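Asks: To start, I am sharing the structure in question, which I have written as structure tokens.
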């Protein structure tokens, strides 16, 4: 297999945007092309677009072709859309990786885009309900927050994890987001604010949840030959893993405090990269809810099972700790425009590993991980490394 | 066992799993292929309806259709036969909810719709 690298990346402003679906594509696409002056749209031979529900939110399907035309790309080797709920973006990066590694493509943009906010706020909540099982979950009034709340309650009961631990994840990620001009929330948050925020589904409060956000992100993925011609600082894809335990909650591991699929996805990626958890300098993990970040620390091997709460409390997932987790502000601070999230995670790691992350820079970051999930039982992990 | 027959039984107060005729594995809700052995042969397996709460949450911000009912509780219930299912919790004060609390199947019937729910044991 050929080596594959990220050579460019760009992110739109995330938030409640007065922008159309196509505006968001333009914004992220332009930012991405601006990051790598040697690439013109017609130089790309492929495009993959991660997007979950434009049929509902923008009354639009046929997404990859729309985006290609909007950005002046003429795919000759690969054109596709990926839909894998919240992990759609990273699943798209894996497609581009596989095509390039196999020699079927050379230079591919992966773009994630989602326009979630609707004139009626309730419609956005209703739309999010398409991500859980219609007949067995949504029918009970189950949406995403309660799923993760069930995991949080188990984690508290088994390991003594506290509401304060969840609150500290919220504080950390909102604080990180305050240094990210593209984040949805940029005011930071104190522990009192987080623990005093509205209860959504116990024990998860508003500031422990990611918001409904519009946004887009793009990266350019290249073969080794193209990467070396385009930049002196390619960010190599060194490992990747994906694993599924199931779709319905009842198909998952009996104990929701354990996410074996994430452990397997992480182990596959580490094995492929020849790296270990202790080698990771920076990680973008899927903190759709605070509990998810705590379980990610554990299943990705940053700490032992059950110690995720203590890990954040001791500052080990922040600057100066073992691994800086979610320097861009995570899903909680940046927002979670589904298909865009995984691509924005990759864009952050790309900037971090090139030393271009500005106020958010993790000193001398050499190895970065991204973790994107779609529900508690489906996980995708990528490992990136600089030269 | 079809979805229709599952819910018709539930409506009458009977919670029914399916048992694989090849390996004996038990599954709920009904499935097409056995998660354990992959075979496709099932027999209906009536359950006692008794179980304990494995995890729960109280939903305070609910989708529009359920908003008038909030706050309401939802739980993962581990049934006496060893399988788990999600359901609403009814007739249990929210401050009495706890992991390990014994509960009993209690269909939630609204017009022509039947939901899975559990009430006091």
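The values are calculated or read from the model by the stated rules, or taken from the named source; none is laboratory data. Please read these numbers as outputs of a predicted model, since none were measured by experiment. Don't worry about glycine lacking a Cβ; one is built from the backbone with ideal geometry, like all the others, and counts go over all protein chains shown.
Residue by residue, here is whether (1) out of contact with any helix residue (DSSP H, G or I) (no Cβ under 7 Å at 6 or more places or on another chain); (2) without any contact (Cβ under 8 Å) to a residue 12 or more places away in the chain; (3) within 23 Å of residue A:351 (Cβ to Cβ) holds:
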{"residue": "A:27", "(1), (2), (3)": "yes, no, yes"}
{"residue": "A:30", "(1), (2), (3)": "yes, no, yes"}
{"residue": "A:44", "(1), (2), (3)": "yes, no, yes"}
{"residue": "A:48", "(1), (2), (3)": "no, no, yes"}
{"residue": "A:54", "(1), (2), (3)": "no, no, no"}
{"residue": "A:60", "(1), (2), (3)": "no, no, no"}
{"residue": "A:67", "(1), (2), (3)": "no, no, yes"}
{"residue": "A:79", "(1), (2), (3)": "no, no, no"}
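Asks: Right, here's the next one. For the stretch A:102-153, what are the residues that are at pLDDT 95 or above, in contact with a helix residue (DSSP H, G or I) (Cβ under 7 Å, 6 or more places away or on another chain) and part of a helix (DSSP H, G or I)?
Replies: Answer for the stretch A:102-153, where residues must be at pLDDT 95 or above, in contact with a helix residue (DSSP H, G or I) (Cβ under 7 Å, 6 or more places away or on another chain) and part of a helix (DSSP H, G or I): A:148, A:151, A:152.
Asks: Across the stretch B:112-121, which residue is nearest to the chain's Cα centre (by Cα) among those that are part of a loop (DSSP other than H, G, I, E, B) and more than 9 Å from chain A (Cβ to nearest Cβ)? Break it down stepwise before answering.
Replies: Applying the first criterion (part of a loop (DSSP other than H, G, I, E, B)) to the stretch B:112-121 yields B:112, B:116, B:121.
Then keep just the ones that are more than 9 Å from chain A (Cβ to nearest Cβ); that gives B:112, B:121.
Values: B:112: 18, B:121: 14 Å.
It comes out as B:121.
Asks: Moving on to the next point. Which of (1) touching a residue at least 24 places away in the same chain (Cβ under 8 Å); (2) in the same structural domain as residue A:91 (by TED's automatic domain parsing); (3) surrounded by fewer than 24 Cβ atoms within 10 Å (Cβ to Cβ) does residue A:255 not meet, given it meets every other one?
Replies: (2)
Asks: Out of all the residues in the stretch A:155-200, which are surrounded by fewer than 23 Cβ atoms within 10 Å (Cβ to Cβ), in a helix (DSSP H, G or I) and within 14 Å of another protein chain (Cβ to nearest Cβ)?
Replies: A:156, A:157, A:158, A:159, A:163
Asks: May I pose another question? Being facing another protein chain (nearest Cβ under 8 Å) and within 20 Å of the chain's Cα centre (by Cα) is the filter; apply it to the stretch A:138-148 and report the residue that is surrounded by the most Cβ atoms within 10 Å (Cβ to Cβ).
Replies: Taking the candidates together, the pick is A:145.
Asks: Further question on the same structure: Would you point out the residue of the stretch B:64-75, among those that are facing chain A (nearest Cβ under 8 Å) and at pLDDT below 90, that is nearest to residue A:141 (Cα to Cα)?
Replies: Out of the qualifying residues, it is B:66.
Asks: If you don't mind, another one. Taking the stretch A:229-248, which residues are out of contact with any helix residue (DSSP H, G or I) (no Cβ under 6 Å at 6 or more places or on another chain) and either more than 18 Å from residue A:296 (Cα to Cα) or away from chain B (no Cβ under 14 Å) (or both)? Working first, answer last.
Replies: Of the residues in the stretch A:229-248, the ones out of contact with any helix residue (DSSP H, G or I) (no Cβ under 6 Å at 6 or more places or on another chain) are A:229-232, A:236, A:246-248.
The answer is A:229, A:230, A:231, A:232, A:236, A:247, A:248.
Asks: Further, regarding this structure: Restricting attention to the stretch B:104-111, does a residue exist that is within 9 Å of chain A (Cβ to nearest Cβ) and assigned to a strand (DSSP E or B)?
Replies: Narrowing the stretch B:104-111 to residues within 9 Å of chain A (Cβ to nearest Cβ): B:108.
Pick out the ones that are also assigned to a strand (DSSP E or B) and you get B:108.
Checking the stretch B:104-111: at least one residue is within 9 Å of chain A (Cβ to nearest Cβ) and assigned to a strand (DSSP E or B).
Asks: Has the stretch A:186-206 got at least one residue that is modelled with pLDDT under 95 and out of contact with any strand residue (DSSP E or B) (no Cβ under 7 Å at 6 or more places or on another chain)?
Replies: No, every residue in the stretch A:186-206 fails to be modelled with pLDDT under 95 and out of contact with any strand residue (DSSP E or B) (no Cβ under 7 Å at 6 or more places or on another chain).
Asks: Given the options B:60, B:96, name the one that is closer than 24 Å to residue A:151 by Cβ and more than 12 Å from every other protein chain (Cβ to nearest Cβ).
Replies: Exactly one of B:60, B:96 is closer than 24 Å to residue A:151 by Cβ and more than 12 Å from every other protein chain (Cβ to nearest Cβ), namely B:96.
Asks: May I ask you to say which residue of B:88, B:78 is surrounded by fewer than 21 Cβ atoms within 10 Å (Cβ to Cβ) and either in contact with a helix residue (DSSP H, G or I) (Cβ under 6 Å, 6 or more places away or on another chain) or within 14 Å of chain A (Cβ to nearest Cβ) (or both)?
Replies: Criteria check complete, one pass: B:78.
Asks: Only one of A:377, A:358, A:329, A:333 is within 18 Å of the chain's Cα centre (by Cα), surrounded by fewer than 24 Cβ atoms within 10 Å (Cβ to Cβ) and over 19 Å from residue A:239 (Cα atoms); which?
Replies: Exactly one residue qualifies, and that residue is A:377.
Asks: Please work out if residue A:170 is touching a helix residue (DSSP H, G or I) at 6+ places or on another chain (Cβ under 9 Å), modelled with pLDDT of 95 or more, in the same structural domain as residue A:356 (by TED's automatic domain parsing) and more than 23 Å from residue A:244 (Cβ to Cβ). Don't jump to the end; show me each part of the working.
Replies: Values: touching a helix residue (DSSP H, G or I) at 6+ places or on another chain (Cβ under 9 Å): yes; modelled with pLDDT of 95 or more: yes; in the same structural domain as residue A:356 (by TED's automatic domain parsing): yes; more than 23 Å from residue A:244 (Cβ to Cβ): yes.
For residue A:170, the condition - touching a helix residue (DSSP H, G or I) at 6+ places or on another chain (Cβ under 9 Å), modelled with pLDDT of 95 or more, in the same structural domain as residue A:356 (by TED's automatic domain parsing) and more than 23 Å from residue A:244 (Cβ to Cβ) - is met.
Asks: Further question: In this structure, does residue B:108 turn out to be surrounded by 21 or more Cβ atoms within 10 Å (Cβ to Cβ), in contact (Cβ under 8 Å) with a residue 12 or more places away in the chain and in contact with a strand residue (DSSP E or B) (Cβ under 8 Å, 6 or more places away or on another chain)?
Replies: no
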